[in-house]
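For reference, the structure is listed below as structure tokens.
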Amino acid sequence: MGGADTQQWTRVVRNGTVATCKEGAAYGLIPRGAVAISGARIAWVGPDRELPAHLPAAVEVTDLRGALVTPGLIDCHTHLVWAGSRHREFEQRLQGASYEEIARAGGGIVATVAATRAASEEELLAVALPRALRLAAEGVTCLEIKSGYGLDRESELKMLRVARRIGERLPLTVRTTLLAAHAVPPEYQGRSDDYIKCVCEEILPAAAQAGLADAVDAFCENIGFTAAQVERVFERARQLGLAVKLHAEQLSNQQGAALAAKHQALSADHLEHTDEAGIRAMAAAGTVAVLLPAAYYFLRETRLPPVELLRRHRVRIAIASDLNPGSAPIASLLLNLNMACTLFRLTAEEALAGVTRHAAAALGLAAERGTLEAGKRADLAVWDAGHPAELAAQYGMVRPTAILRDGT
Ligand code: DI6
Ligand code: FE
């Protein structure tokens, strides 16, 4: 195991089925493997037999007896801070109304905006924490949380503060994304350009100055914002030194994937309606494709994301929950893992890479998280399973038995 300094090790988990999720061999699998941890970071990963015969007495050693160990899961696209409930829309859709019709009639995102604006920061935190806990209980150690139900400066900042506080209260690394360009707020009805001006001149600088946003997102859609409007938001984000990502091609093709790529976006998300030109642009820019099976399922969409084209052009595919009150009220990343395979026909290995290595890339965290490799953060989940395919194949039957975030 070459020269590693075992004196620095604090913990070793050994005799596990180690799915490193590194690129290369299937799952980056080490059938009888060990992970050594030094403080908050991984110190060494390799076959069990290469561990030194004697470890310093202070090292805490756990025998996994063959249990599966993976990187901590990463949910790279959620909107889990919101107030109110949209169960009535669920009923309306069961009676035939479409998501777009409900949105145009003043329901949808705007309904959640009213409830979220009315809620205090404490109230929002109280309803959002259990959602984050549900994800954490499934082995998620890092997640992204978007704003986008405030749509004015104070309410957007309130949402971002709640997101940050979730990361302080739970053993989760939270990345925040400002999604002020999510919908046109009621007071700007019919004046979407004016609202975009407010986003660029007021909301974005305030979020950046408060250090509350790690990235900026927008909803490029015929019920959202045009490509030209998104471009203004992206240019402002760039000036403020913030990474960008985009809700692109969920319901129609607005050339959003190409736009995201043009701005070196970390990710373009949804993508059901993306064409090959958009995918080529994403490949050239290294933009990750984030697929969101729960939204596809919940809205009973029929147009599948172009998985084969993404593969052919070697665009990295991530999978996320999109957890939100309207199009994906499903607090489970593992169910999304399953649906990525059953609905989108990903392999179980692609799906797992999608919630580990590629999800880290979608958050700009590829150097720090997403695989079990020396030097990365010691985020890992031990499962009551013996093979990584079980995570996608057996929903509700595989649970983490231990979770480490930053080594503890
Ligand atoms: N696309 C989505 O799936 C969510 N936002 C977006 O831009 C849905 C948000 C909602 O319906 O509340
Ligand atoms: Fe979303």
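The values are calculated or read from the model by the stated rules, or taken from the named source; none is laboratory data. Worth saying up front: this structure is predicted, and the values here are computed from it rather than measured. We place every Cβ from the backbone using ideal geometry, glycine too, and count neighbours over all the protein chains shown. Side chains are part of the model used for accessible areas, which takes the heavy atoms of the whole protein and leaves out ligands, DNA and RNA. Shrake-Rupley method; radii C 1.70, N 1.55, O 1.52, S 1.80 Å.
Across 5 Å bins from 0, what is the distribution of all Cα-Cα pair distances for region 317-408, in whole percents?
Values per bin, smallest distances first: 3, 14, 20, 25, 23, 12, 4, 0, 0.
Go through region 328-408 and name the trypsin sites (Lys or Arg not before Pro) that are in a DSSP coil and have 15 or fewer other Cβ atoms within 10 Å of their Cβ.
Answer by residue number: 345.
Using every Cα-Cα pair within region 1-141, state what percent have a distance larger than 18 Å.
70 percent
Working only with C-alpha atoms, what are the Rg and Dmax values of region 64-220, expressed in angstrom?
16.9, 62
Once each part is reduced to its C-alpha centroid, what is the distance from region 86-150 to region 222-248 in angstrom?
22 Å
May I ask you to derive the relative contact order of the chain, considering only C-alpha pairs under 8 Å and at least 6 residues apart, and to give it as an integer percent?
19 percent
Let's see if you can work this out: charge +1 on each Lys and Arg Cβ, -1 on each Asp and Glu Cβ, no other charges. What is the dipole magnitude of the chain about its Cα centre, in debye to the nearest 20?
Dipole of the chain, to the nearest 20 debye: 560 debye.
Taking region 186-242 as the region of interest, what is the percent of Cα-Cα pairs per 5 angstrom bin, listed from the shortest bin to the one with the maximum distance?
All Cα pairs considered, the percentages come to 4, 19, 31, 25, 15, 7, 0.
Plugging the Kirkwood radius over Cα pairs into Stokes-Einstein for the chain, at a temperature of 10 °C and a viscosity of 1.306 mPa s, what D comes out in µm²/s?
So the translational diffusion coefficient is about 74 µm²/s.
Using a 1.4 angstrom probe on heavy atoms only, work out the carbon and sulfur share of the accessible area of region 159-267 in %.
Carbon with sulfur: 46 percent of the solvent-accessible area.
Can you pull the percent of Cα pairs in region 24-107 with separation above 16 Å?
71 percent
How many angstrom lie between the Cα centre of region 281-297 and the Cα centre of region 366-386?
So the two Cα centres are separated by 22 Å.
Residue farthest toward the positive end of the dipole of region 1-109, with Cβ of Lys/Arg at +1 and Asp/Glu at -1: which of 109, 59, 39?
Sorting the options by dipole projection puts first 59.
Given a 1.4 angstrom probe, I'd like the percentage of the accessible area of region 90-146 that is carbon and sulfur, rounded to a whole number.
57 percent
Can you tell me the accessible area per residue over the chain, all protein chains present, probe 1.4 angstrom, in square angstrom?
Heavy-atom accessible area per residue stands at 39 Å².
Using all alpha carbons of region 226-359, what is the percent of pairwise distances in each 10 Å bin, ordered from the shortest bin to the longest?
So the P(r) values, bin by bin, are 14, 45, 34, 7, 0.
Have a look at the DSSP beta bridges in the chain and tell me what percent are antiparallel, nearest 5.
The antiparallel proportion sits near 40 percent.
Using DSSP to define loop residues, name the GluC sites (Glu not before Pro) in region 297-402 whose beta-carbon has at most 14 other beta-carbon atoms within 10 Å.
none
Below 8 Å between Cα atoms, with a sequence gap of 6+, how large is the relative contact order for region 239-347 in percent?
Answer for region 239-347 is 21 percent.
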